[in-house]
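Here, each number is a calculation from the coordinates, and none is a lab measurement. The shown structure was predicted, so the numbers you read here are calculated from the model rather than taken from an experiment. Don't worry about glycine lacking a Cβ; one is built from the backbone with ideal geometry, like all the others, and counts go over all protein chains shown.
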Amino acid sequence: MRNIRKVHVLTFVTGTGDDAVTHEEIYEGEGNTAGRFNELMNKDIVVSHIEMFEVGANLGVFAGTLHGTAERAEEVAEARYGEVVYYSSRHVA
């Protein structure tokens, strides 16, 4: 069981006026994030990027909750699961 992982959230808008649609995409890897970011920028779409930390029992299906800091994610993970287990071998803080 892994209960914390670092994710990248890309937010952008397509369309204009009444046809505007806001999109939010979540990526785990920096390479995938950069690739999608570049793809959108090449289409002249303005993208905002933030790093967040997902906490949950079944990471990978985006069933967890997102938190803005590693400290808050650790607090939530400890409260829910008793211990913190990181998704990658690197510490996310």
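Structure above, values below:
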read-out: Positive minus negative residues near F12 (Lys, Arg vs Asp, Glu; Cβ under 12 Å); value: -2
read-out: Dipole magnitude of region 4-81 about its Cα centre (Cβ charges: Lys, Arg +1; Asp, Glu -1), debye to nearest 20; value: 140
